[in-house]
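Since the structure comes first, as structure tokens, the remarks are kept for the end.
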Amino acid sequence: MRTSIALAALSLGLLVVPAASAARTYSDPAGDSGAAPDITSVAVSHDDAGWVSMAVTTNQPVLSPDASFWGFIDADRDVSTGLPLNGLGVDEMFIGDGTGALLAHIDNELFQIALSSTLTTSYANGVFTARFNRSEIGTSDRFAFAVESELDDANGDEIATDDAPDTAPGYEYSFVPLALTVGPAVGSPKAPVSGKRFVVSSVVARSDEQPFTTGVATCSARVGKVVLKPVATAGNGTVRCAMKVPKRMAGKTLRGTVTVSAEDSAVAKQTFVFRVR
Ligand SMILES: [Ca+2]
Ligand SMILES: [Ca+2]
């Protein structure tokens with residue numbers, strides 16, 4: 001049954017929806033919004049046609065009529081261009097409440113509301129979603145951004161807000177997959193010693209120049225033909241492989257491989273070779 005529906009959809013050309021890629025989720029603490037919608041996460045993705053989706057999860061299943069959301073986009077990641085706000089140089093900003101939305105382009109002193117734009121917004125089950133085409137933000141392959149929820153009183157004056165993120169300079173999203181570079185392996189101690197613990201670590205750099213704080217690591221190692229059981233960890237700018245060197249291995253060669261990935265990156269690899277003392 002499922003197959004025939006899929007075939008029917010295919011024959012109608014309905015399966016050409018491009019897959020979302022480079023999805024990233026950013027978090028914001030709960031309980032920091034007063035009466036405004038409490039933002040807890042922001043998920044951003046884009047598809048092959050350049051449609052960007054920004055989904056802001058809050059604690060309000062139904063949005064208060066006096067609440068709305070701001071989006072601040074630093075399209076060129078340059079604080080000196082656009083409107084200085086929350087540590088960003090905001091080149092595009094929007095406001096929406098799920099029923100309507102406005103987008104403005106900021107160019108030097110010029111603040112220009114886009115009378116027609118690709119931006120649409122919706123609100124369902126506690127999630128505010130802004131959708132716009134990448135063409136709105138120029139040609140850059142990544143951008144920095146922040147969002148804010150706002151609750152107004154009957155006069156339209158702001159009562160409460162929630163900024164996500166809480167601190168400058170915003171979140172960062174990339175249209176190209178993240179790439180990781182793993183530096184040379186360094187031993188601690190410098191060379192493995194029979195019967196002792198040994199840790200190999202490599203510096204990990206991200207292509208988006210953000211600090212490498214977390215990732216998925218694997219590690220394998222052997223001394224001669226003896227397979228070890230190393231433990232891999234990733235974070236704080238490095239990937240590490242910790243192991244216990246078996247006894248009576250002096251003079252033998254310890255070899256291994258460490259791999260690491262993060263978010264939508266491919267798996268990056270580094271090999272290591274040490275002579276056991
Ligand atoms: Ca929050
Ligand atoms: Ca800017």
Legend entry - Distance in nm between pseudo-label sites at residue 209 and residue 190 (7 Å out along the Cβ direction from Cα): 3.5
Legend entry - Positive minus negative residues near residue 65 (Lys, Arg vs Asp, Glu; Cβ under 10 Å): -3
Legend entry - Cα gyration tensor category, rounded, prolate or oblate, for the stretch 180-275 with a/c compared to 1.5: prolate
Legend entry - With Cα atoms, 0 to 90° folded angle of helix 2-11 axis to the chain main axis: 60
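Based on the Kirkwood radius over alpha-carbon pairs, what value in µm²/s does the Stokes-Einstein equation return for the translational diffusion coefficient of the stretch 2-174 at 25 °C and 0.890 mPa s? Display every interim value, and only then the final one.
Numbers: Rh = 16.9 Å.
Calculated translational D: 145 µm²/s.
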Inset, instruction - Could you tell me which of 127, 203, 41 has its Cα farthest along the dipole of the chain towards the positive end, charges placed at Cβ (Lys, Arg +1; Asp, Glu -1), taken about the Cα centre? - result: 203
Legend entry - Cα-projected label distance for residue 250 with residue 120, points at 7 Å along beta-carbon direction, nm: 7.4
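Please compute the length gained on full extension between residue 160 and residue 48, using 0.36 nm multiplied by the number of residues separating them and subtracting their Cα-Cα distance.
36.6 nm
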Inset, instruction - Apply 1/(1 + (r/R0)^6) to the Cβ-Cβ distance of residue 273 and residue 27, taking R0 = 41 Å, and write down the FRET efficiency to the nearest 0.05. - result: 0.55
Legend entry - Positive dipole terminus of the stretch 147-277, leading residue within 217, 185, 159 (C-beta point charges): 185
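Pulled fully out, how much extra length does the chain show between residue 62 and residue 113, if you take 0.36 nm times their separation in residues and subtract their Cα-Cα distance?
Numbers: separation 51, 0.36 × 51 = 18.36 nm, distance 2.79 nm.
This chain segment gains 15.6 nm when fully extended.
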Legend entry - Unit charges at the beta carbon, dipole of the chain: most positive-side option, 139, 237, 65: 237
Inset, instruction - Within the stretch 142-193, report the chymotrypsin sites (Phe, Trp or Tyr not before Pro) that DSSP leaves as loop and that have at most 12 other Cβ atoms within 10 Å. - result: none
Legend entry - Gain upon complete extension [residue 139, residue 167; 0.36 nm per residue less C-alpha separation]: 7.4 nm
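Counting each DSSP H run of 4 or more residues in the chain as -39500 (n - 2.57), what helix-only mean residue ellipticity at 222 nm follows after dividing by all residues, to the nearest 500 deg cm²/dmol?
On the way: 1 runs with 10 residues, N = 277.
Theoretical 222 nm ellipticity from helices: -1000 deg cm²/dmol.
Among residues other than residue 119 whose Cβ falls under 14 Å from its Cβ, what is the net charge (Lys/Arg +1, Asp/Glu -1)?
Values: positive: 131, 134; negative: 92, 97, 136.
Net of charged neighbours comes to -1.
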Legend entry - Calculated from backbone phi, Karplus (6.51, -1.76, 1.60) coupling profile of the stretch 73-84 in Hz, x at Gly/Pro: 10, 9, 5, 9, 6, 10, 5, 7, 10, x, 8, x
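No lab work stands behind these numbers, since they all come straight from the coordinates. Computed from a predicted structure; not experimentally measured. Here Cβ is always computed from backbone atoms with ideal geometry, including for glycine, and neighbour counts include all displayed protein chains.
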